[in-house]
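**Q** Structure provided below as structure tokens; questions to follow.
The values are calculated or read from the model by the stated rules, or taken from the named source; none is laboratory data. Keep in mind that what you see is a predicted model, and the values were worked out from it rather than measured. Positions of Cβ are generated from backbone atoms using ideal geometry, with glycine treated the same way; all protein chains shown enter the neighbour counts.
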Amino acid sequence: MTWIRYENGFKWIYNGMIITFTLFLFSFIFGQELLGACFGAVFAMLAFQNYYFSNVGKEITFQLQGKGNRYLVGDEEELVFLFENGGVPIWNGTLKLSIEDAVAPREENLKHFSGIYDLSVPFAIGQNKKIELRIPLEGKKRGLSRITRVILEIPHLFGDGSVMMELNEPVRFENLVYPKVKKREDHLQSAPFRPGEFDQRRSLYQDVFQPIGTRDYVSTDRFDQIHWTASARMQKLQTKQFLPVSDRTVILLLNVVEKDHRSHEFEEKVERLVSYAEYCESHNIPYSVAINIHTFASTPYLYLPNGIGKVQFLRTLETLARLSEKHAKMPFETMLLNLESKGKLPDTIVMVSHESPKLKALIQNWSKKYVVKLDAIAEKGEDEGWNKEQLDKTGTDS
């Protein structure tokens, strides 16, 4: 572990050692043993301090327990440091941490600047000892929080001055705060135009492995659909009936470009998308996610492939927690046309975006062959916010 050392106040120690050693020699030359003993004691004290602070902190290392913490907004976790000191003991030190403000230390009246919390913790460790340092943190807002700076400051035992050690390598530890999760009271309409495995009262397709009964035979029924056992019992031909099914796969599309550069809109859109993902997870509906964040992969935008259940929901939460307004964006309509050209669009499409003339024209065209739901910002002004819906807060099993 590499540290950069900044030493302050060593000059007066060196000067004091030279002066006291000189006075110590003169005292013995002129026969002043008591005075010489006093100067010798001061010289020994300064020499000890010089040795101590020349070696303090050179063999100290630490590691963080785990690879990262996961929070919901308002949740509390502990940041656990495991320190080990193989050199001289450290007394009366101070550990200073700089943490990005997605999480915040549980300390009253703690201020932060430029999105960074600066935290100071008393620190002491003996020689060849190991200690565990726990710092309680609370999830404040959606986002990714890293430890940007670690400084260990050790003051001089006597007089002014200190040794300040700054960690010269990145701390590989992340705190992820998931977006707020809300439960939707409405439902997503599925389209009966594609075969699948989900029950659908009205569908063009049936699951031949799930018979649900019989009915009287009509001349248009196929021969292999006749239920011979039921026909013998009823003394007339009976046709098998199967469960009507359809594909309920959904794609969730998020437009992260803010209308009129309203900063609060970004977070609102993320929360709206999470509410749809939670609905799909609770109703066991497969879904994929596409976001118009520019990437350098084969897919030029952020795309989460189709999945189902809690694993897919946690992937969605983690992906959205890492989103930032600073990421490069691409036009929303460009992403939509790319999805359509590559055949990645299922029958049900949910768009979380603001309205635009180009988007309205595209939706009007897609509505002829897809079920399209546009969750857009109301056009009546910022005070109106999003179109009002009944949303209840709920937790997540993370």
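**Q** Sort out which residues of the range 49-72 are among the β-branched types (Val, Ile, Thr) and exposed (fewer than 14 other Cβ atoms within 10 Å of the Cβ), and write them in order of number.
**A** The answer is Thr61, and nothing else.
**Q** Sticking with this one: Based on what the data block shows, is Asn387 modelled with pLDDT under 85 and surrounded by fewer than 16 Cβ atoms within 10 Å (Cβ to Cβ)? Break it down stepwise before answering.
**A** Details: modelled with pLDDT under 85: yes; surrounded by fewer than 16 Cβ atoms within 10 Å (Cβ to Cβ): yes.
Criteria met by Asn387.
**Q** Looking at the range 309-360, which of its residues are basic (Lys, Arg) and out of contact with any Asp or Glu (no Cβ under 7 Å at 6 or more places or on another chain)?
**A** Of the range 309-360, the ones basic (Lys, Arg) are 310, 315, 322, 326, 329, 342, 344, 358, 360.
Once the filter is applied, which keeps residues that are basic (Lys, Arg) and out of contact with any Asp or Glu (no Cβ under 7 Å at 6 or more places or on another chain), the range 309-360 yields Arg315, Arg322, Lys326, Lys329, Lys342, Lys344, Lys360.
**Q** Take the range 73-85 and flag every residue that is crowded, with 18+ Cβ neighbours inside 10 Å and closer than 30 Å to Glu271 by Cβ. Write out each step before concluding.
**A** Narrowing the range 73-85 to residues crowded, with 18+ Cβ neighbours inside 10 Å: 79, 81, 83, 85.
Matches in the range 73-85: Leu79 only.
**Q** Among Val121, Val163, Val171, which is on the phi < 0 side of the Ramachandran plot, aliphatic (A, V, I, L, M) and outside any strand (DSSP E or B)?
**A** Values: Val121 fails: outside any strand (DSSP E or B); Val163 fails: outside any strand (DSSP E or B).
Result of the check over Val121, Val163, Val171: Val171.
**Q** Tell me the strands (runs of 3 or more DSSP E) entirely within the range 245-350 that contain at least 3 residues that are closer than 22 Å to Tyr71 by Cα and out of contact with any Gly (no Cβ under 8 Å at 6 or more places or on another chain).
**A** Details: elements: 250-254, 287-294, 301-307.
Once the strands (runs of 3 or more DSSP E) in the range 245-350 are filtered for at least 3 residues that are closer than 22 Å to Tyr71 by Cα and out of contact with any Gly (no Cβ under 8 Å at 6 or more places or on another chain), nothing remains.
**Q** Can you confirm whether the range 66-83 contains a residue that is of a type in the set (Gly, Ala, Ser), closer than 30 Å to Phe313 by Cα, in the same structural domain as Phe123 (by TED's automatic domain parsing) and part of a loop (DSSP other than H, G, I, E, B)?
**A** In the first step, residues of the range 66-83 are kept if they are of a type in the set (Gly, Ala, Ser); the result is 66, 68, 74.
Pick out the ones that are also closer than 30 Å to Phe313 by Cα and you get 66, 68, 74.
Pick out the ones that are also in the same structural domain as Phe123 (by TED's automatic domain parsing) and you get 66, 68, 74.
Subset that is part of a loop (DSSP other than H, G, I, E, B): 66, 74.
Yes, the range 66-83 contains a residue that is of a type in the set (Gly, Ala, Ser), closer than 30 Å to Phe313 by Cα, in the same structural domain as Phe123 (by TED's automatic domain parsing) and part of a loop (DSSP other than H, G, I, E, B).
**Q** Quick one: in the range 295-313, which of the residues that are among the aromatic types (Phe, Trp, Tyr) and closer than 20 Å to Lys342 by Cβ is surrounded by the fewest Cβ atoms within 10 Å (Cβ to Cβ)?
**A** Phe296
**Q** When the residues of the range 149-170 are narrowed to those that are within 18 Å of Leu82 (Cα to Cα), surrounded by 13 or more Cβ atoms within 10 Å (Cβ to Cβ) and not aliphatic (A, V, I, L, M), which ends up farthest from the chain's Cα centre (by Cα)?
**A** Glu153
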